[in-house]
Structures are given as C-alpha cells and as structure tokens.
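The values are calculated or read from the model by the stated rules, or taken from the named source; none is laboratory data. For clarity, every value in this text was computed on a predicted model and none was experimentally measured. Counting neighbours? That spans all protein chains shown, and the Cβs are built from the backbone with ideal geometry, glycine included.
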Amino acid sequence: MSVTYERFALAVSLLPRLSHARSVILCTRMGTKVVPPRVTQASPPADTTTRMICDLSIPDRFDNVVETYIAYRTRYAPELLDWLLAETRTGTAAHVLDLGCGPGFIANALGPRVARVTGVDPSMSMIAAARAEAPKNVTYHEGSSENLSIVKGPIDLVTMGRSFHWMDRPATLENLNKRVAEHGALAILHDKPIKAPENLWWWTAQEVGKAHARPDPTSLHRMSDAWEPHETVLHASAFSELRRISVLSRHTWTFDSLLGHFLSRSGSTPEVIGADGIAAFEGALKEALLPFVEGPWETLNDHVALIARRPARP
Ligand SMILES: C[S@@+](CC[C@H](N)C(=O)[O-])C[C@H]1O[C@@H](n2cnc3c(N)ncnc32)[C@H](O)[C@@H]1O
C-alpha cells in the first residue's frame, strides 16, 4: 500500500510538469498479504438493508434521469478499459457481462474489444438508451443482479460501473461465483476527483450538493460508518484476490454541467428535490463558487477499477 501511496504522491507532484499528458497511470496490488482478510458478520446486515430497499425501488431509481446521466456523467478513461482487459487477460474471444450497465458507457466501449458483451440493468429507459448506441455484438436485457439466468453462456469478465453499491453485494457475488469462468474476474469501476488543492472548488461544490440532496436510506447507509467497503465484502467472498488499477484524467466543467451532474444523482434528481430545490441549489452553488476563478473549471479525476479474482489454486 505504501509503495502505491508514494507513487500516487509522486504522480500528483509531477502533474504540473506533465501538462502535455492527458493521464497518469497508477497501480495498486492488494494481495492477501497486504489486506488481511476480514471475515466479518457486519456485512450481511448492511446488505440486508440494501436488499430490502432495492427490492422496492430498483427499477425506477434511475428511470427519470437517463438524459441528464448521459449528458453530464463522466465516461471512463479508455486507457483504464484497455488496462483492465490486459490485466485480466480478457482477450478478443471473451464474453463480458456489464452488470448495472445503465446507458452502456462500459458495455458499448468494450464491444469492439471483445467477442460479445451482455448488458443487464433493471431500468428499461437506461437499457433503451444503451441499445441506441450499441455495437452489433453488445446485447442488453432488463434484469438485475438478483437473477442472472437471462445471461447466456460462461462469463469471462464482469464489469460493474458505479452500480455494485446498489446491489445486495454478498448475494450478487454468490450468483456471480456460479456463472463466472474459472479464470474469470470481476471489476468494479468508478471515477472521482482526487483530494487536491486544484480540485478544491469541486469539493466545495460537493458540500453544497450534499446540503441540498435528499438521499434515500440506502445512500445514507452507504455514507455512514456502518458501510462495509467493497474491498472487505469482496475479501470475504470467493473473489478475494484484489488488485486496483487507476488512471488519472482531466475533465472540464461548466456551471450547467455541474448542475446537470448534481441532478443526475439519485438523491438529487429533479423528481426528488423539485423545482424549489433546484433553484436553491443553483443559488447556493453560485455563491459558493465566487471565491474561485470563473468557470469553466477542470477536475483531475481518478478512474479506478477494483479487480477481484478467485485465489489461484496451490
Ligand atoms: C449510477 S448507474 C451506473 C451506470 C453505468 N454502469 C455507469 O458506470 O455509468 C447505476 C445503475 O445500476 C443499476 N442497478 C441498480 N440496482 C441494480 C441491481 N440490483 N442489479 C443490476 N443493476 C442495478 C441502476 O438501474 C443504474 O442504471
């Protein structure tokens, strides 16, 4: 871990000198020696809560935000996807399952790189948007982590982009253990601006966003100290061999795209916060950003794939 942290700090300190480079690549390994396995009882109750809430509301949480999601959410760095395929030895003959595919950012990008991709999501509007952009070898199904019988054939790689936290994680991992090929892998992807002075304006905007959002109980639970990180949930599963790869890349934001990004989040969709909530957020955001230089602004984002495999047999 310390090696990685030093590399990270070094990479960040070098960034001003790398103005010509769009991204810097970082890698962390988390073998069993580095992260001791924590077989804990805390995880099942946590995910029982998630399961109860998901059972009630999986299908419509993202249904009304498809357009905003597509317009304002960042795409994963292509270098991260390439590295993920190389790292997991996912070749051109592979079948990838993109679970919680949303509008298909990952599935459609991976299509040209593998034999076939199956995208699964409970939201029909997300699936419709994903299909509209799909290469021929990418197929989409309405479904969820709770029933994977819809997915045909063995799976070499499962990607879950910003979606694993919505699932009953232990149950999902058990399901995937039955379906993923012996050599196969899981990858949990997300991206986030790093904590750095140059991103201070973003984190200031996030505080304003938090104050104006109305997160549901699942999200509140996730923000609490009781939330088990993905790493420990994976460590207690069949996919306990973990490795993290990461790519830094810059993103440009305007005031409108910041606003759109906020409205694409489940706790602050227009439906959840209403017109008054949007107006209040807009006003507070303008005020909070006054001390910073005028937009457009940039963020330096960490695009991360947490890769999980079964341990190699001795
Ligand atoms: C934030 S979006 C992520 C979309 C896309 N993967 C990305 O990386 O941008 C989360 C997606 O997870 C889906 N989702 C929620 N619960 C799920 C479950 N139990 N199984 C599969 N997908 C689920 C939602 O419908 C939504 O489309």
Problem - Among the residues listed as Gly111, Gly119, Gly91, the single one being of a type in the set (Gly, Ala, Ser), away from the ligand (no atom under 14 Å from the Cβ) and not in a loop (DSSP other than H, G, I, E, B) - result: Gly111
Problem - Among (1) within 14 Å of the ligand (Cβ to nearest atom); (2) within 20 Å of the chain's Cα centre (by Cα), the one test that Asn147 misses - result: (2)
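Filter region 191-211 down to the residues that are out of contact with any strand residue (DSSP E or B) (no Cβ under 9 Å at 6 or more places or on another chain) and of a type outside the set (Ser, Thr, Tyr), then identify the one that is farthest from His303 (Cα to Cα).
Among them, the one singled out is Ala211.
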Exercise for the section: Hey, can you tell me all the residues within region 123-144 that are surrounded by fewer than 24 Cβ atoms within 10 Å (Cβ to Cβ) and assigned to a loop (DSSP other than H, G, I, E, B)? Expected result: Glu133, Ala134, Pro135, Lys136, Asn137, Gly143
Fill in the blank from the handout: Scanning region 152-177 residue by residue, the ones that are out of contact with any Phe, Trp or Tyr (no Cβ under 8 Å at 6 or more places or on another chain) and either on the phi > 0 side of the Ramachandran plot or within 16 Å of the ligand (Cβ to nearest atom) (or both) total 18
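Assess whether Tyr76 counts as being near the ligand (Cβ under 9 Å from one of its atoms), touching a strand residue (DSSP E or B) at 6+ places or on another chain (Cβ under 7 Å) and not hydrophobic (A, V, I, L, M, F, W, C). Break it down into steps so the answer makes sense when it comes.
On the way: near the ligand (Cβ under 9 Å from one of its atoms): yes; touching a strand residue (DSSP E or B) at 6+ places or on another chain (Cβ under 7 Å): yes; not hydrophobic (A, V, I, L, M, F, W, C): yes.
Yes: the conditions hold for Tyr76.
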Completion exercise
Note: among Arg214, Arg222, just one is at pLDDT below 95, basic (Lys, Arg) and in contact with a His (Cβ under 8 Å, 6 or more places away or on another chain), namely Arg222
Exercise for the section: Consider Asp82 carefully, then state whether it is among the charged types (D, E, K, R), more than 11 Å from the ligand (Cβ to nearest atom) and not in a loop (DSSP other than H, G, I, E, B). Expected result: yes
